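Every read-out reported here was derived from the displayed coordinates using simple, explicitly stated rules and does not represent laboratory data. This structure is a prediction, so every number in the text was calculated from the model and none was measured. No Cβ is skipped: glycine too gets one built from the backbone with ideal geometry, and neighbour counts run over all protein chains shown.
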Amino acid sequence: MEFSRTAIPDVVLCKPTVFYDKRGYFFESFKKEAFENFLGYQVKFCQDNESKSVKGVLRGLHYQLPPFAQSKLVRVIYGKVLDVAVDIRKNSSTFGHYVAVELSDENKHQLFIPKGFAHGYKVLSNEAIFSYKVDNYYHKKSEAGILYNDSDLNINWQVIDDNLCISDKDKNQPVFKEAKVFETIY
């Protein structure tokens, strides 16, 4: 597994070593020791989640507030998405900046998004199966979000067309200036 820091150094791109042969392929999708050695700290994942979406679905931008904040390790099992992480740590030098990475079943890349980031993705293929590990359980009263098309964030979601499919909840999230943010950096 190859790890590299993105434009926001706490967000990490993980590229597995894939072994192909006539039977197909094999790769390690997660190796705790190597991952934590790169990060320099422990991450205790406690749950794996999976969702299936069709082309044009945009989910996000979501996060949970402390003490129920979550780190996520996300990947695409089938299809292709544009994955976005927004820094919402008030004291961070990259506060309000975002990272966007294409994740697919072809490139098999993963993105580690630490606590203190809002997260979302847009499906670019006809269908996508999205998988992610989290290090804290879902807590409804701690869930929060930011409007996906907030002009201050100016996220390039690639093509936003008339076929965009987004939940009413996500359409009605607060803008970045009004959103609850993290006062400290984890």
Distance cut-off 24 Å, percentage of C-alpha pairs in the chain lying past it: 36 percent
Dipole in debye (nearest 20) - the chain, about Cα centre, beta carbon charges: Lys, Arg +1; Asp, Glu -1: 340 debye
Label-point separation in nm, THR17 to GLU183, each point 7 Å along Cα→Cβ: 4.6 nm
Approximate spin-label separation GLN42-CYS165, in nm, with each point projected 7 Å along Cα-to-Cβ: 4.1 nm
Inter-label distance, nm, simple model (7 Å from Cα along the C-beta direction), MET1/GLU102: 2.4 nm
FRET efficiency, LYS140 to GLU50 (Cβ-Cβ, R0 30 Å, nearest 0.05): 0.95
